[in-house]
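K.L.:
Sharing a structure, written as structure tokens. Questions coming.
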Amino acid sequence: MASFKEYWILMGIFIITGYCFWFWKKNKMEKKGGVPKGNLGWPFIGETLDFIACGYSSRPVSFMDKRKSLYGKVFKTHILGTPIIVSTDPDVNKVVLQNHGNPFVPSYPKSITELLGKFSILQMNGNLQKRLHALIGGFLRSPQLKATNTKDIENSVKLSLASWKDMNILYVQEQTKQMTFEVLVKVLMSIGPGEDLNYLKKEFEEFIKGLICLPIKLPGTRLYKSLKAKERLLNMVRKIVEKRKQAMEKSGEKGAVAKDAVDVLLRENDEANEKQSLPLDFISGNIIEMMIPGEETVPMAMTLAVKFLSDSPIALKQLTEENMELKRQKTESCDDYSWTDYVSLPFTQNVINETLRMANIINGVWRKALKDVEIKGHLIPQGWCVLASFISVHMDEENYDDPYQFDPWRWEKMGAAINNNNFTPFGGGQRLCPGLELSRLEISIFLHHLVTTYKWVAENDDIVSFPTVKMKRKLPITVTPIST
Ligand code: HEM
């Protein structure tokens, strides 16, 4: 057995070798001309501690701001185990997102890549990603889906809101999560409330706990437990997909409109020739993986809208008036709401834009360069990661006056800017979020029924941005029904 002294000598050699390797790598990278300026920080940990500390503060963007003022809008740093080039420049972000000629591929921490699987839409590249993106995007944007979905979302929101009146205190983050999960699972695989939904929810929660964790796959570790949960999820979803395929073959029902994402992907199987068809395992895996970007984002947007509105009574008043007017018209005409009713209220849409701008639920995207890429004179060398930071653009006073002010009225002046590079809560280019319109519809329906049913008082709570955006206390509120 090694003595205490030998142990320390070995440790010393290990640390010195590691440091020399890091120093060599740092010098090599810095010698490459055109690489943006910046600091790679300490060996191994780089500038991660400052990055995390800022993520826990009320100004997560201060990490970027400090470096932007020292090195310019594009700089290099070393965070979460990777040397990375950070772009806070909307034009550079646009080129990264558009990804013409596919020089960039998605890059995630090791635990995420382990859990996603090789053929997940989130990390695939090339033609198969494009095909899947087009199929899912086309389905989620279709007016037929929006029409049927509007009823489902309304039911889920109304049921949940009805239960609020008996609660002394309720947690908006929890409540919105429950209602949006139901909608998501219905859209993806037509499962309604009941045992299957509860099982899916339980296993999915276990699965996503491992997305950001140490990438060690031994029994008992977080990653191991999450992988096991994914296996159970896959078993369940595979059975659903198989059953649906058999039913489809039996009825020969090819012409009807797809009712959910499973249907869309199975039809593609049917319509394409055998060689190009999507394997059932591929379909099941992707259905689960599509739950990841949908599961937390929409409820967090709803929760943060409630938070920002609680702090801005004038905006809340205008939002309530606009929605009360729609409710009054609908009550008088006895008509059902259509999806266009919800998304055409201008101030409500401005509130949603402003919420998404300030919430930065996805604060940026990580890519890896497959070859040297030069953008606006900045070199992103092959093998380097680049972070296109959306939060830096959304909170930059060059792009938005008084960016920390919740100001839905700014969108009255900026209307057309929604498609502009300065506003990218849903990303852009090749991987623009296919759930964009569904998300906006869900948030619109939630806000409509919330402000026309209740007044509320929110307790003090803070937003945390690391590892993902959350409310520290899940946003506790007390509600009082509005008499109309
Ligand atoms: C407020 C809500 C949402 C926000 C802020 C959001 C944001 C984003 C962003 C920024 C991306 C781009 C990621 C990248 O470029 O790597 C993305 C992609 C994606 N989103 Fe969303 N999302 C939301 C809701 C949803 C919902 C409800 C669904 C599903 C029904 C969904 C499904 C997807 C999928 C499948 C992708 C991957 C697309 C691809 O790589 O081709 N998202 N989302």
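K.L.:
Can you report the number of residues in the range 317-330 which are out of contact with any strand residue (DSSP E or B) (no Cβ under 9 Å at 6 or more places or on another chain) and touching a residue at least 24 places away in the same chain (Cβ under 8 Å)?
P.N.:
Here the count works out to 7.
K.L.:
Could you pull out every one of the helices (runs of 4 or more DSSP H) wholly within the range 330-430 that has 1 or more residues that are over 16 Å from residue 94 (Cβ atoms) and away from the ligand (no atom under 16 Å from the Cβ)?
P.N.:
It comes to 339-343, 346-359, 410-414.
Residue-by-condition table, conditions (1) within 16 Å of the chain's Cα centre (by Cα); (2) surrounded by 22 or more Cβ atoms within 10 Å (Cβ to Cβ); (3) more than 15 Å from the ligand (Cβ to nearest atom); (4) more than 23 Å from residue 317 (Cβ to Cβ):
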site	(1), (2), (3), (4)
437	yes, no, no, yes
455	no, no, yes, no
461	no, no, yes, no
472	no, no, yes, yes
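K.L.:
Among the residues of the range 52-74, write down those that are of a type in the set (A, V, I, L, M, F, W, C) and surrounded by fewer than 21 Cβ atoms within 10 Å (Cβ to Cβ).
P.N.:
52, 53, 54, 70
K.L.:
Taking the range 168-185 as the search range and keeping residues that are over 18 Å from the mean Cα position of the chain (by Cα) and at pLDDT 95 or above, which one is surrounded by the most Cβ atoms within 10 Å (Cβ to Cβ)?
P.N.:
Per the stated criteria, the residue is 172.
K.L.:
Within the range 158-175, which residues are assigned to a loop (DSSP other than H, G, I, E, B) and among the acidic types (Asp, Glu)?
P.N.:
166
The values are calculated or read from the model by the stated rules, or taken from the named source; none is laboratory data. Owing to the predicted nature of the structure, the values given are computational and were not obtained by experimental measurement. For neighbour counting, all protein chains shown are included, and Cβ atoms are generated from backbone atoms with ideal geometry for every residue, glycine included.
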